[in-house]
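See structure below.
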Amino acid sequence: MLALITGGSGSGKSAYAEALCVKLQEKKQDIPMMYIATMYPFDEEAFRKIDRHKELRKNKNFEAIECFTGLKQVKLENPTTVLLECMSNLTANEMYQEGGAGEETVEEIRKGIESMCRQADNLVVVSNEIFSDGMDYDPETERYQRYLGAINQEIAERADLVVEVVYGIPLVHKGEEII
């Protein structure tokens, strides 16, 4: 199963995605779930967010892999449920980090998602909803939005489940709610 979970900052999308992973993995409790962490720890705020997410996942049987770029290089030892958090960070990393994909970001991430789908029993992707504020941005930010939008659309098209979390309330756009 492929699921895309979106929402604004602080919407509850991470908690929802984790609960979905736990539900999907119920029958394989002996195999840990994988958490692919994409936030590059570049400042104190990033470290605080990372610590908060680690606390949320504590006691949920996740093993973490840090992947800032090159998702297609990640190899899983067992078919399992994978939580990729978050596409917004991975996109920025591929665009701007040294060694990232740059102009080839969309294609590089598409290949990474394909690789994860081939390896995992379930892939749950978290992404931010950054498109509805109606503001004008500089050209570089607009390029980031275009890339993230294209990636989210490709994942949503292929996904079995697409959920937007608003104020902690899951709104199912595609598929059937599992939790």
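The values are calculated or read from the model by the stated rules, or taken from the named source; none is laboratory data. In this text the structure is predicted, and so the values were computed from the model without any measurement. Cβ: placed from backbone, ideal geometry, glycine included. Neighbour counts: every protein chain shown. Quick note on the areas: whole protein, heavy atoms, side chains included, nothing else; ligands and nucleic acids left out. Shrake-Rupley method; radii C 1.70, N 1.55, O 1.52, S 1.80 Å.
Projecting the Cα positions of Gly8, His53, Phe68 onto the charge dipole of the stretch 1-84 (unit charges on Cβ atoms of Lys, Arg, Asp and Glu, taken about the Cα centre) puts Gly8 furthest along the positive direction. If the segment from Glu103 to Lys72 were pulled out straight at 0.36 nm per residue, it would be longer than the present Cα-Cα gap by 9.5 nm.
Accessible area per residue (1.4 Å probe, heavy atoms of protein chains only) ranks Arg118, Arg143, Arg110 as Arg118, Arg110, Arg143, with the largest value leading.
Would you tally the net charge around Ile5, using a Cβ to Cβ cut-off of less than 11 Å, leaving Ile5 out, and scoring K and R as +1, D and E as -1?
With Lys, Arg at +1 and Asp, Glu at -1, the net is -3.
Of the residues Gly168, Gly70, Gly134, the one that moves most in a GNM of the chain with alpha-carbon contacts below 10 Å is Gly134.
For the chain, the longest principal axis of the C-alpha atoms and the axis of helix 13-24 are separated by about 30°.
Partner lysines whose Cα lies under 28 Å from the Cα of Lys75, excluding those fewer than 8 positions away in the same chain, are identified as Lys13, Lys23, Lys27, Lys28, Lys49, Lys54, Lys58, Lys60, Lys111. Estimated from helices alone, the mean residue ellipticity of the chain at 222 nm is -13000 deg cm²/dmol (sum of -39500 (n - 2.57) over DSSP H runs with n ≥ 4, per residue).
Measure off 7 Å from each Cα along the Cα-to-Cβ vector at Lys60 and Glu114, then give the distance between these two points in nanometres to one decimal. It works out to 3.0 nm between the two label points.
Once you order the gyration tensor axes a ≥ b ≥ c over the Cα atoms, which shape class does the chain get: rounded for a/c under 1.5, otherwise prolate or oblate by comparing a/b with b/c? Verdict is rounded for the chain.
Look at where the Cα atoms of the stretch 1-48 and of the stretch 116-148 average out, and the two centres are 15 Å apart. With the whole protein complex present, Leu171 retains an accessible surface near 80 Å², based on a 1.4 Å probe. Solvent-accessible area of Leu24, all protein chains in place: 40 Å² (probe radius 1.4 Å, heavy atoms, ligands and nucleic acids excluded). For the listed peptides 153-160, 13-20, 35-42, 96-103, a ranking on the average number of other beta carbons within 10 Å per residue, highest first, reads 13-20, 35-42, 153-160, 96-103.
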